[in-house]
Amino acid sequence: MKINNIIFDILLEQPSFDAKSKPLVNAIKNRNPVTFYYSGPRNPKKDSVVAGGRFRAEIVAMGLSKKGNLIVRAWVEPPSRTKTGFNKGNWRTFIVNRMSSITVFDDKTFDVKRPGYKEGDDKSMTVTYVKSSWTSTPPVKPKETPKPVEPVKPKETPKQTKPEEPKKDEPVKPEELPQPKPEKKPEPPKKEVEPTKPELKEPEKKEEPNSEENPEKEKNKLQEGIVRFKSLISYSF
C-alpha cells in the first residue's frame, strides 16, 4: 500500500493528471465533506444510475476498480439521489470521470466513523491510493469573513450664504440690470468728389491797332478799293 501511495503522490504532482482528482484527494485526507453532480449510463438497466446531486458526501477512499476506473467510496445521505434508496445502507462507489460540479467544504470535517467502515485497503478496489486517517485531527480552514463595507459618506453640499440684509437707514437700491449697448448705425457711403475741370481761358484777342494810329495803311486800302472798282466798271462795258 505504501508503494502505491508513493506512486499516486508522484502522479498527483504531474500537470497532466486529472485536475478534479486533486481536490478529492485533499478532501479524503482532511475529511472534508464534498457535494457533486453525478451522471452515469442508463443502459443496461442493471448498471444504470440515477443522475443528480450528492450532497455533503463523506469520501473516505480513492483507488482503482476491477475494470481499471478511478473510483471513490463515500457515505451519502438524503437528499442525495439514489436508485436503490438507503434502506440497505449508505455506502456508494462513484467513478471520478462521471463526477462534475465538485465543491469541497474545506471549513468543515466529518469526525465519526460510519457503520460498516473498515480499516485498511478497500476490498472493492484492486489498488487503494488514498484513505482517510482517523489518528489525527485534520486542520480546518477557517471561513473567510467578508471585510466590513465602509459606509459611503454623503457628499458635503456647499453651505449657502445668506445675503446681507440692508440697513434700515439706507434705502434699498435695486439691482442694476445690464443695459443693452446701443447699436451702431452704419455710416452712409461717402460721395465721390468729382475732380474739378480746369477752366479753359479764351485766347486773348489781339487788339488791332486803330485806323487812326495807322493812317498810311488805311490810305493804301482805299487806293486798292478804287482800283478794283475801276476794273469792274471797265469790264462791264
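Any read-out appearing in this document is the output of simple, stated calculations on the displayed coordinates, not a laboratory observation. Source: prediction; values computed, not measured. Neighbour counts run over all protein chains shown; Cβ positions are idealised from the backbone, glycine included.
Under the criterion of Cα pairs below 8 Å and six or more residues apart, the relative contact order for the range 2-131 equals 31 percent.
Residue ranges 217-228, 29-40 sort as 29-40, 217-228 when ordered by packing (mean number of other C-beta atoms within 10 Å per residue, highest first). Applying the Karplus relation 6.51 cos²θ - 1.76 cosθ + 1.60 with θ = phi - 60° to the range 29-41 yields 3J(HN,Hα) values of 5, 8, 6, 9, x, 10, 10, 7, 9, 10, 9, x, x Hz, where x marks Gly and Pro. Let me know the Kirkwood hydrodynamic radius for the range 2-131, please, with Cα pairs as the basis and the value in Å to one decimal. Kirkwood radius, the range 2-131: 15.2 Å. Amide H to amide H, with H built 1.01 Å from N, Tyr129 comes under 5 Å of Met62, Gly63, Leu64, counting only residues 5 or more places away or on other chains.
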